[in-house]
Amino acid sequence: MRWLRVLLLALCLVAPVAAVGPDEILPDPALEQRARDISAGLRCLVCQNQSIDDSDAELARDLRVLVRERLVAGDSDEAVRQYVVDRYGEYVLLNPRLGWHTILLWAAGPLLLLAGLATLLVTGRRRRAAEAGLSAQEQAALDELR
Amino acid sequence: MSIELGHFALILTFAIATISTIGGYGFWRSGPRIALVLSQGAILQFILVAVAFAALVQAFVTSDFSLLLAANNSHSLKPLIYKISGVWGNHEGSMVLWILILVAFGAMVAAFGRRLPDDLLTLVLATQSLLTAAFAGFTIFTSNPFARLVPAPLEGNDLNPVLQDIGLAIHPPLLYAGYVGFSICFSFAVAALVSGRIDQAWARWVRPWTMLSWIFLTLGIAMGSYWAYYELGWGGWWFWDPVENASFMPWLAGTALLHSALVMEKRNALKIWTIFLSIITFSLSLLGTFLVRSGILTSVHTFASDPTRGLVILTLLALVIGGAFALFAFRAASLRQGGLFAPVSREGALILNNLFLATAVGAILVGTLYPLLLDALTGTTISVGAPFFDLTFGALMAPLLLVLPFGPLLAWKRADIVGAAQRLIGAAAVALFATILISALGGVSISLAPIGLLLGFWVAFGAVAELVDRSKLGRIPLRESGRRLAGLPRTAWSTAIAHFGIGVTVLGIVSTTAWETELVTTLNPGESAQLSGYTVVFDRFAQVPGPNYLADEGHFTVTDPGGGTRSMLADRRTYVASGMPTTEAAIETYGFSQLYLQLGEPLDDTHVVRIWHKPYITLIWLGTVLMALAGLLSLTDRRLRVGVPRRATGTQPEPAR
């Protein structure tokens, strides 16, 4: 179904701008690299699940410029993210923050793994017990026969 | 006329499938006669849907715009291949393709399954017919592809330009063949649950079908990934988009199923789990095809913007999946487990594989659906994107890759882990050496890169080590080793090649992520740019009309570090019918690496040009092709061949005790 996704992304191509343009790039390479890393974690709000770093949409361009402005102004990475979140909501973060509302999301992987391991241990032990042979009742019956 | 014929054929399919379902479930104990009737019914369904599909293809090829679907999705100027692929480039047409593949698999079971016990064959075909009836009914009643348009327009609306690509011609049919192929596993599982009979022979029948579907799905996903890579114009190849996750989850579950069915076939263990996985895998396939379209996952831009259609899809999904799981809950306890084994054994290793793969499926499923549930329950909107999935999936796959090479070296029932480790020391040493060498040469830009490289090399060389070990290379004369290698069962080769392919894919992912370079600049014709030792000269710019578009072409000459020159052509197209633009990147392959060049929009008087060097990126897809080839090789193994009789050479005498 990827073609569906490509089709959706194509909707972002309509505006005549494209991902990171030469006019946006900051002269300081270290600052620019930080801008790219931050951009890769921010969602383009008009596209589907695409970061503003990859997106061609006008809005994504505005956000990229905004991120660079904040960096030039001396903000830390986290301050820039917070600045964007304050204006657009947590929805723009592609990496959801750990909090009460996302605890299940972040814990899902480890919990599932633990649950699987526990199931394996329990069934393994039960099967070995079954293999070991007679229950107490059966043993009693056997003793009686002797 | 042929349109109505196609419409009628689809309705007839619905009727036959309904009757087959009722007859099959009602009389599955009645022996060979009902099995024969259902077999013939399955083949008839295939012929009828083929007629229906052919009718659509004919309308698209001849540009018959009195067919609403053709008028909406085709154009008379389109090249022939895209006229044909346009049939499934939309919701209604893709439903017919989906059903066509479904009945094709049903007909294959009917044709090759003559040696199956009558009751099992009847139940399998009845379940296939149930699925056919459900989805043919859905298509006929809610998404009729045969609707006419009066008066017929002179020209069609054209297929979306991004979809006018060879990728669309191949990708959906492959993907559908993979998704739908798992319906056979599903039907076998349901049949086993209804009849209450399940044994090693069952696993032997199911495994080839699983393998076949898995091959299609592997190629389909890889193809889709490569297509997005070159079509989107910036070289991304995986996005962890809900749509992608939807295709990736059945692949992971199918991979787990291949391994658990192996345990069941060889050792008669893991029966309940294998049945469960069969149901889960196809359920995830259904989710993959339909959840996206139901309009839930992506509230905008879905095919099925009609809410009633989405509701019908969800009801269907709930009935099929829920019904199967209810049956499972009701009957699974009655299945007897067999085959005891120690924790350290081939079985134990395969269970570990299943544990990690199943957990990965669960984690991806939660990540995909979580934003939706959170929004519905609390009204809070969050995004779960690539960074989350990279971390979660990576953390689950790393241990799996770490233990993977041990698996094939362990014996069934009870194994010697120290012995296996000793046989892998060589592979570990070579992997470590290669990792240190490459990290030193390439520089470490991402701290995790060496770990990724080490895992990739470890898995790849571990697969080689298995072959070396089995051929006793270096311990006996070379010629003797060669003979042993040639004499290994094809399944042993297939295991080694598939695992080697995983290593190759991992290496491709790591190297391209860690060492990709990018240059965004403005160029005028005559100017040049440099990136990673490559010199790119912008020769000339031209505006050229294509068959149904206008192209802005950038002609480039590239000089590689070795001094060779090649010309590259990147263009931007504007499609006549829709006015939509697309970018066609130019890609040149150097060894396993690629230079990726995109002509951007004009800026002032110059042209924006984006250049990427993607080191060893082709390994990503090469590895998946290796996996698919390994699957094919395993299918040709005599012991696994589709339709192989239950007992090929009479009965074995019972061994003396």
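Just a few scattered comments:
- Within the option set B:LEU175, B:LEU168, B:LEU159, being within 14 Å of another protein chain (Cβ to nearest Cβ), buried (at least 24 other Cβ atoms within 10 Å of the Cβ) and not in a helix (DSSP H, G or I) holds for one residue only, B:LEU159.
- Odd one out for B:LEU116, checked against (1) crowded, with 21+ Cβ neighbours inside 10 Å; (2) part of a loop (DSSP other than H, G, I, E, B); (3) at pLDDT 90 or above: (3)
- B:TRP88 modelled with pLDDT under 90, of a type in the set (Phe, Trp, Tyr) and touching a helix residue (DSSP H, G or I) at 6+ places or on another chain (Cβ under 8 Å): yes
- Selection status of B:ALA570, within 13 Å of chain A (Cβ to nearest Cβ) and crowded, with 22+ Cβ neighbours inside 10 Å: yes
- Where B:ILE215 falls short, out of the listed (1) buried (at least 21 other Cβ atoms within 10 Å of the Cβ); (2) out of contact with any Leu (no Cβ under 9 Å at 6 or more places or on another chain): (2)
- The number of residues in region B:397-447 that are farther than 20 Å from B:GLY503 by Cα, in contact (Cβ under 8 Å) with a residue 40 or more places away in the chain and in a helix (DSSP H, G or I) comes to 1.
- Residue list for region B:176-203, restricted to those being touching a helix residue (DSSP H, G or I) at 6+ places or on another chain (Cβ under 8 Å) and not hydrophobic (A, V, I, L, M, F, W, C): B:TYR176, B:GLY178, B:TYR179, B:GLY181, B:SER183, B:SER187, B:SER195, B:GLY196, B:ARG197, B:GLN200
- Within region B:336-389, the set of residues being at the interface with chain A (Cβ under 7 Å from one of its Cβ atoms) and within 30 Å of B:LYS271 (Cβ to Cβ) comprises B:LEU340, B:PRO343, B:ILE351, B:LEU355, B:ALA358, B:THR359, B:GLY362, B:ALA363, B:VAL366.
Residue by residue, here is whether (1) of a type in the set (A, V, I, L, M, F, W, C); (2) at pLDDT below 90; (3) more than 30 Å from B:PRO343 (Cα to Cα) holds:
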residue	(1), (2), (3)
A:ALA57	yes, yes, yes
A:ALA79	yes, no, yes
A:THR102	no, no, yes
A:GLY109	no, no, no
A:LEU120	yes, yes, no
A:GLY124	no, yes, no
A:GLU131	no, yes, no
A:LEU134	yes, yes, no
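- Whether a residue is within 13 Å of B:TYR179 (Cα to Cα) and in contact (Cβ under 8 Å) with a residue 12 or more places away in the chain was assessed, and B:SER260 does not pass this test.
- Among the residues of region B:512-565, those that are within 18 Å of B:PRO602 (Cα to Cα), in contact (Cβ under 8 Å) with a residue 12 or more places away in the chain and charged (D, E, K, R) comprise B:ASP539, B:ARG540, B:ASP552, B:GLU553.
- Against the conditions (1) within 13 Å of chain A (Cβ to nearest Cβ); (2) in a helix (DSSP H, G or I); (3) surrounded by fewer than 19 Cβ atoms within 10 Å (Cβ to Cβ); (4) of a type outside the set (Gly, Ala, Ser), B:THR392 satisfies every one except (3).
- Complete set of residues in region B:262-308 that are outside any loop (DSSP other than H, G, I, E, B), polar (S, T, N, Q) and modelled with pLDDT under 85: B:THR289, B:THR308
- Scanning region B:20-46 for residues that are touching a residue at least 40 places away in the same chain (Cβ under 8 Å) and of a type in the set (Val, Ile, Thr), we see that the one that is farthest from B:SER143 (Cα to Cα) is B:ILE34.
- Checked against (1) of a type in the set (Ser, Thr, Tyr); (2) more than 14 Å from chain A (Cβ to nearest Cβ); (3) in contact with a Phe, Trp or Tyr (Cβ under 7 Å, 6 or more places away or on another chain), B:SER195 meets all criteria but (3).
- Residue check for B:SER439: surrounded by fewer than 18 Cβ atoms within 10 Å (Cβ to Cβ), polar (S, T, N, Q) and either over 27 Å from the mean Cα position of the chain (by Cα) or under 21 Å from B:ALA386 (Cβ atoms) (or both): yes
- Residue in region B:488-495 that is touching a residue at least 24 places away in the same chain (Cβ under 8 Å), closer than 30 Å to B:GLY236 by Cβ and not small (Gly, Ala, Ser) present: no
The values are calculated or read from the model by the stated rules, or taken from the named source; none is laboratory data. For clarity, every value in this text was computed on a predicted model and none was experimentally measured. We place every Cβ from the backbone using ideal geometry, glycine too, and count neighbours over all the protein chains shown.
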